[in-house]
1. Identify all residues within segment 422-477 that are part of a loop (DSSP other than H, G, I, E, B) and modelled with pLDDT under 90; write none if there are none.
2. Using the structure shown, decide if residue 226 is touching a helix residue (DSSP H, G or I) at 6+ places or on another chain (Cβ under 7 Å) and closer than 27 Å to residue 46 by Cα.
3. Filter segment 239-292 for residues that are part of a loop (DSSP other than H, G, I, E, B) and of a type in the set (Val, Ile, Thr) and give the result.
4. Scan segment 156-164 and give yes if some residue there is within 19 Å of residue 96 (Cα to Cα), part of a loop (DSSP other than H, G, I, E, B) and hydroxyl-bearing (Ser, Thr, Tyr), otherwise no.
5. Name every residue in segment 485-503 that is over 21 Å from the mean Cα position of the chain (by Cα) and closer than 15 Å to residue 472 by Cα, in order of residue number.
6. May I ask you to list the residues in segment 195-227 that are under 19 Å from the mean Cα position of the chain (by Cα) and assigned to a helix (DSSP H, G or I)?
7. Checking residue 174 against (1) of a type in the set (Ser, Thr, Tyr); (2) buried (at least 22 other Cβ atoms within 10 Å of the Cβ); (3) free of Cβ contacts under 8 Å to residues at least 40 places away in the same chain: exactly one of these is not met. Which one?
8. From 30, 44, grab the single residue that is of a type in the set (Asp, Glu) and at pLDDT below 95.
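The values are calculated or read from the model by the stated rules, or taken from the named source; none is laboratory data. Keep in mind that what you see is a predicted model, and the values were worked out from it rather than measured. Because the Cβ atoms are built from the backbone with ideal geometry, glycine has one as well, and the counts that use them run over all protein chains shown.
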Amino acid sequence: MAEAIRIFDTTLRDGEQSPGFTMNTQEKLEAARALAEMRVDVIEAGFPASSPGDLEGVQLIARDVRGPIIAGLARANRADIDAVVEAVRGAERPRIHTFIATSAIHMEHKLRMSPDQVYEASVEAVRYARRFVDDVEFSAEDASRSDPEFLCRVFDGVIAAGATTINVPDTVGYATPEEYARLLRLLRERIPGSDRVVWSVHCHNDLGLAVANSLAAVQAGARQVECTVNGIGERAGNASLEEIVMALHTRRNHYNLETRIDTTKIYRTSRLISAISGVPVQPNKAIVGDNAFAHEAGIHQHGVLMNRETYEIMTPETIGIPSNKLVLGKHSGRHAFKKVLEDHGLRLSEDEVHRAFQEFKALCDKKKQISIEDILSLVESQVRAAPQTFDLRAFHVSTGSTLPPMASVTLARGEVLFTEEASGDGPVDAMYNAINKIVGLCPTLADYAIKAVSGGTDAVGEATVKVRDGDGLFVGRGTSTDVVEASARAYLAAVNKILHERRRWTAAGTPDAPGGEGRGASADARRPQAGTTVSG
């Protein structure tokens with residue numbers, strides 16, 4: 001039988017450090033559940049010492065998610081390790097992952113420590129971590145630019161102190177496959193206790209070599225690969241989980257290695273991470289990009305029609321890409337709808353199923369052909385959003401080449417309706433200004449994007465916005481056959497997240513951010529007047 005490779009997913013830790021990437025605690029938990037369903041071996045849930053929110057997120061995942069090892073990251077000091085101990089206490093299989101930089105440039109300019117001090121800190125950190133758990137991983141940050149002799153010394157010391165996994169990171173994406181494999185072989189040959197530990201690699205993509213370096217290291221004896229869904233991460237990102245897994249799966253005859261990953265969950269998890277982060281997957285992204293299984297050139301199309309294997313080395317079904325054939329319509333029942341959701345990895349509460357079904361029926365009135373992609377996008381953007389303080393009930397916009405854009409928006413908070421009007425640079429800007437008047441906030445729009453979910457003039461439009469409120473970045477998504485409505489729903493989803501987060505921190509005793517919580521309970525609510533033109 002083929003030897004197994006451990007998949008260590010760091011989407012929730014290294015991936016969340018991506019510029020523009022943000023997840024709240026509940027979103028991290030949802031992502032962790034999806035990773036567990038995909039059967040990753042290790043989930044690095046966060047960096048508990050970095051913030052109270054990260055500590056809370058790791059604690060929640062450790063208590064709720066079963067199956068994978070749950071790891072927390074710690075610098076090589078007791079305070080960080082104590083934070084991880086507190087965070088992973090409830091895990092079925094806890095791991096402490098501690099690290100320190102070992103390259104000359106990092107030791108001199110960042111740590112301001114001598115090699116002897118780094119060695120002592122490494123050994124002491126592992127020895128201390130072993131007091132609490134049996135599973136301790138040690139990483140030598142910037143290992144690919146470190147002196148191999150010094151690496152041997154450090155790794156020899158931490159193995160003797162009780163480390164069970166040794167990680168050799170290419171932290172800045174500097175290595176090439178040949179030299180990275182050579183470094184792994186040297187370390188495994190030179191260190192006496194190398195056969196007692198699992199060797200791991202963590203590669204960044206600064207030169208576009210993260211996956212190639214990881215696979216080269218696997219061939220050199222690494223048996224754990226650290227990676228992220230969609231390859232997200234610091235700077236140019238990390239090695240892509242889906243590319244690593246599918247390379248090993250598709251080329252089993254070459255590597256003679258396998259993973260435990262359920263590949264049919266790859267596409268669904270990729271979509272979820274993209275939805276949560278608001279970071280779209282590039283169309284030509286390997287494995288999960290929109291064009292990964294598309295064929296436009298005539299000669300390619302002819303070949304695929306004759307035999308798919310002429311131009312496809314894997315099938316869309318292998319990674320769980322759903323077909324876009326019509327599966328449901330306006331006469332479909334609730335049970336059939338729920339079954340379709342479950343078949344595509346969506347496990348919703350009864351309340352969420354009810355809400356999703358109502359949104360689906362409304363979509364059926366606007367669009368004759370409903371694809372699986374339409375349904376998945378609708379559920380991800382409008383059902384699995386943050387708790388709704390405000391709900392979009394109606395809107396009207398007017399615009400033209402000679403008239404200033406104007407918008408009237410009606411929002412509901414419970415049973416109370418609020419209506420405001422505003423102008424703007426365009427219809428979407430006018431809508432956002434009207435929403436701001438109602439909720440009493442004025443966040444900064446950091447990013448806005450819209451795309452068609454499926455083809456046709458009646459295609460569902462999916463809008464994604466990122467808004468900044470103080471130091472916080474909040475992502476909202478919305479769908480509709482009307483792109484203006486989709487844009488309004490996306491913005492309101494982000495605003496609801498801001499309000500939810502402010503209430504959460506206020507309840508925890510943390511001073512609230514300036515700006516208030518909106519006018520939802522005020523007495524000046526105005527219902528739409530008779531005769532007012534309202535659409536949406």
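1. Result: 453, 454, 455, 456, 457, 458, 459, 460, 470, 471.
2. Criteria not met by residue 226.
3. Looking only at segment 239-292, we keep the residues that are part of a loop (DSSP other than H, G, I, E, B), and these are 239, 251, 256, 259-262, 278-292.
Selection gives 259, 261, 279, 281, 287, 288.
4. If we filter segment 156-164 for residues that are within 19 Å of residue 96 (Cα to Cα), which is where we start, we get 156-164.
Right, trim to part of a loop (DSSP other than H, G, I, E, B) and you get 162-164.
Remaining after also requiring hydroxyl-bearing (Ser, Thr, Tyr): 164.
Checked segment 156-164: at least one residue is within 19 Å of residue 96 (Cα to Cα), part of a loop (DSSP other than H, G, I, E, B) and hydroxyl-bearing (Ser, Thr, Tyr).
5. Scanning segment 485-503 gives 499, 502, 503.
6. The answer is 210, 211.
7. It fails just one condition, (2).
8. Of 30, 44, the one residue that is of a type in the set (Asp, Glu) and at pLDDT below 95 is 30.
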